[in-house]
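Engineer: Before I ask anything, here is the structure I am working with.
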Amino acid sequence: MLDVKVHSELRVPRHRRCHRHLPAKMATSIREKQTAALRRMLNFNVPPLKNTVTEPVWKVLIYDRFGQDIISPLLAVKELRDMGITLHLLLHSDRDSIPDVPAIYFVMPTEENIDRICQDLRNQLYESYYLNFISAISRSKLEDIASAALGANAVTQVTKVFDQYLNFITLEDDMFVLCNQNKELISYHAINKPDIMDTDMEAIMDTIVDSLFCFFVTLGAVPIIRCPRGNAAEMVAVKLDKKLRENLRDARNSLFTGDTMGAGQFSFQRPLIVLADRNLDLATPLHHSWTYQALIHDVLDFHLNRVTLEEGAGSEALPAGARPKKKNKRIYDLTAADKFWQKHKGSPFPEVAESVQQELDTYRAQEDEVKRLKSIMGLEGEDEGAISMLSDNTAKLTSAVSSLPELLEKKRLIDLHTNVATAVLDHIKTRKLDLYFEYEEKLMSKSTLDKSLLDIISDPDAGTPEDKIRLFLIFYITSQQPPSEADLDQYKKALMDAGCDLSPLSYIKQWKAFTKMAATPANYGNSGVKPMGLFSMVMNTGSQFVMEGVKNLVLKQHNLPVTRILDNLMDMKSNPETDDYRYFDPKMLRGSESSIPRNKNPFQEAIVFVVGGGNYIEYQNLVDYAKAKQGKRVLYGCSELFNAAQFVKQLSQLGQK
Amino acid sequence: MITHRRHGPNTSEQGVYLGASHTKLQLIHLQDTPTLATAPLPNTSTMSCRDRTQEFLSACKSLQGRQNGIQTNKPALNVIKQRSDFTLMAKRIGKDLSNTFAKLEKLTILAKRKSLFDDKAVEIEELTYIIKQDINSLNKQIAQLQQLGLSRTGQEGKHVQTHSNSIVVSLQSKLASMSNDFKSVLEVRTENLKQQRSRREQFSQAPLSASAVHAASFKSSVLMQDESRRSNEVSIDMDPRASQQLQLIDEQESYIQSRADTMQNIESTIVELGSIFQQLAHMVKEQEEMVQRIDANVEDSQLNVEAAHAEILKYFQSVSSNRWLLIKIFFILMVFFIVFVVFFA
């Protein structure tokens, strides 16, 4: 199914230019590809040989905040150490001179970074310099560095200058975000500001397109672009098409030459990128989720695959006279190596809680096994007759000892998930998130409601003001007819009483009016769209993991709007929702304005990119979709990753204007 | 370099241990297995980057050309600076380490062989000894390196210190992993020897022991016959066979003896390695703590900076309140002084 390219792996003479080696398999994930690129960079841009015999070379890694965000979810400090990185420092920190060490720089080509590099060159900080830029450096900036190097007589010390094209952050095997620093520059708020200037918009689009371009260079494939008409996504699509086209035309410098040769004959193997706009679906980011990863992102501080838990000081009573203890922060990394996380990040929460319990039980059993062995050994010291069994037991003991580190690691992971799950559960209980989730699902699927919205809003026990405004916004977005003025006033009053900030509502009102006028097909109100799917609920009171009082809700698979669009486009289904989507093929000689796709084959690989911010709910939905369809791979990307709280904040900023 | 005498059976002039870096060449003759060390592995990663070094250099050249008219070219800086002893030593140890790794790989190949007849016991023993010496000397050298690093603590900056420290730690962890590998190879070897012995017992020893018993019974019968002094013919007839069997037993015994020696050797090596392990254990522990990510320290330092800021503010407040107190006291004193001067003087 995936094309495995046959190519000779004979050692080619090393040319001055980069050699593009064809990937052995297309199936490698974007995370692996980016990690491989980073490893190559850290190995002085020579592909690392996979054996231990190579002599270690010690070097220093210098990065800026952007580089830090890119590296940190992919490579831990230990892996850096294994590659010979003895020190890793921020570019703009105070760095002492280390005269006999090569330094690898991994920075954005910004003005201040360039200045700092020039300063380093002048100060003769390191033995040699390997400059790697996250995205392409302009000629003038390169000349700035050149003149600084000349001034410092350090031209020969600047050993290599590379454009890495790695300007995106990979969080999962199939998920990436564009940036983390300065993300407010390309946020939903920035794109949808009413008073935005054309130049600002251009800058935003350029940033997004630059990162997307980097993504495709790393992926090593030229995509076919589809996008809806008349919004920010279309602008991104046009610019991306242009950029890819320019790069392909310049055959000598093209970053795609290597594998387009192979892929050209199988054009149906090219990935499809669907550029979606956040405005297509505003309800999903506000939705209360029920899957593990999305819940963590929603209620805890989950940032670049790292959870930060505030140790509640209230859990244990403090002695009266003592000074308030400094808040203890606990940081957990949720990595790809964590099997439990990989398995359960998309499961509904009650299931996760149960699995944590199970894991804990199996761990205890293993621990008991070790303990039992110990006691047997203790007994046998006295028992003369059992000496013949000793050798057998020694072997057992050896295996037990060698399995100890594994067991410890397991214990660490179980602890981690127990703590995280407990923290999530606390939030669910105090805010009655199960209630919200259930109610919102019903709103979105337009099934009958058993409780009036006003009751929930005015219930002081249920949830924070933010939860209430989220619920109401979803209600407002999904309702076919906007509620009458009198009803609206009533709701508003109830919301005000609950302490909500109503400015997001005013923006949503505008948005709704606008989408109505434009009659966006993906609107929830459109009766042609099927209801969001059924939703079944199982009451399970006797769960083991202190779940009492929380409903054991089970999700039923349904597709979110983004997934539905992808499904239509991937399988070339005809649907009024997606029929007028624009079609770009950067490999075609002349750009066509038509929306008629050239080839009618269904796509095997697709990338969904949401301009204006995405969330884990959509990601999870897409992962489930790809799992259901054999042989399809779907990647999810977004310009920024926000949870509902951040999104509501942006909406309220927009509403205040 | 430390010189050791080689423990092997052939004590020629070759049998002088010259240190890790010198033994490599000589080892190549030992075994003509394909060297894995230099075989390039297929590169599966795409090159998603662009080399702009040439562009940079040409930019430098053109800039230099432009500047040449204005100012005279400065004398080129001596690029290859004198490297510090520390770096040189670390480099040398790194090289030795990788050499030893190559040897270990060879030993692994040899040890994993299960053939009953093509058993290169001598070579394995030799290699084992050499690697053991290597590990020992590397351990010593790393300790020296650490000393060197510590001795220059005062005069260097903090970063240099961390740098050299992590070099030492990484070398140590590499050595630790290598001795671990070594240990497991030895264990494999022991296991193999055991298996070989059991196989030998199965195919040769078992009938032999039976015949030994047979012979013994004959012997006893011979003795009995001697005792009874009846027929000498039988005993004469039996004697060569019995002596043949005895000879066989002798041979077997010497073979088993040599095997036992080898086993003891290996076991003692394992014990020695154990001591090295202990030395390394605490160092490796440091390494364990490095599962963290690179952005971990940043947040910590931010917190620290905030805390420091708060403390400084507190101090500033206390200082300023003190200042007020001083000013007040001074003011009161002045008032008294003036009152004194005006009214009493």
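Engineer: Given the Cα-Cα distance of B:V335 and B:K120 and 0.36 nm per residue of separation, how much length would full extension add, in nm?
Structural biologist: Extra length from B:V335 to B:K120 when fully extended: 67.0 nm.
Engineer: With a 10 Å Cβ neighbour count serving as the proxy for reagent exposure, in which order, fewest first, do A:K629, A:K468, B:K103 appear?
Structural biologist: Result, fewest neighbours first: A:K629, B:K103, A:K468.
Engineer: May I ask which of A:K141/B:K61; A:K141/A:K183; A:K59/B:K95; A:K446/A:K627; A:K343/A:K442 have a Cα-Cα span longer than 19 Å here?
Structural biologist: The pairs that break the limit, which is 19 Å between Cα atoms, are A:K141/A:K183; A:K446/A:K627; A:K343/A:K442.
Engineer: Fewest first, what order do B:V342, A:V370, A:V562 take by the number of other Cβ atoms within 10 Å?
Structural biologist: Result, fewest neighbours first: B:V342, A:V370, A:V562.
Engineer: Something else about it: Just grab the label-to-label distance for A:K193 and B:Q196, each label 7 Å out from Cα along the Cβ direction, in nm (one decimal).
Structural biologist: In this crude spin-label approximation the distance works out to 7.9 nm.
Engineer: If you filter region A:39-103 for trypsin sites (Lys or Arg not before Pro), then keep DSSP loop positions with at most 13 other Cβ within 10 Å, what is left?
Structural biologist: Loop-located and lightly packed - A:K50.
Engineer: With a cut-off of 8 Å between alpha carbons and a minimum separation of six or more residues, what is the relative contact order of region A:30-164 in percent? List each step's numbers first, then the result.
Structural biologist: On the way: 192 pairs, mean separation 30.4, N = 135.
Once normalised by length, the contact order is 22 percent.
Engineer: Simple spin-label model, 7 Å along Cα-to-Cβ: A:S403 to B:Q317 in nm?
Structural biologist: So the label points at A:S403 and B:Q317 sit 5.8 nm apart.
Engineer: Same structure, new question: Only four residue types carry charge here, +1 at the Cβ of Lys and Arg and -1 at the Cβ of Asp and Glu. Report the dipole size of region A:30-164 about the Cα centre in Debye, rounded to the nearest 20.
Structural biologist: 480 debye
Engineer: A further question on this structure: For the pair A:D459/A:D301, report the inter-label distance in nm, with labels modelled 7 Å from Cα in the Cβ direction.
Structural biologist: The modelled label-to-label distance comes out at 3.0 nm.
Engineer: How many times 2.2 N^0.38 Å is the alpha carbon radius of gyration of region A:30-164?
Structural biologist: It is 1.01.
Engineer: Over 28 Å between Cα atoms: which of A:K78/B:K120; A:K512/A:K587; A:K160/A:K339; A:K78/A:K239; A:K242/A:K345; B:K112/B:K174 fall into that group?
Structural biologist: Long pairs (Cα-Cα over 28 Å): A:K78/B:K120; A:K512/A:K587; A:K160/A:K339; A:K78/A:K239; A:K242/A:K345.
Rule-based calculations on the coordinates, nothing more; no lab input. Just so you know, these numbers come straight off a predicted model, no measurement behind them. Heads up, the Cβs are rebuilt from the backbone with ideal geometry, glycines too, and the neighbour counts pull from every protein chain shown.
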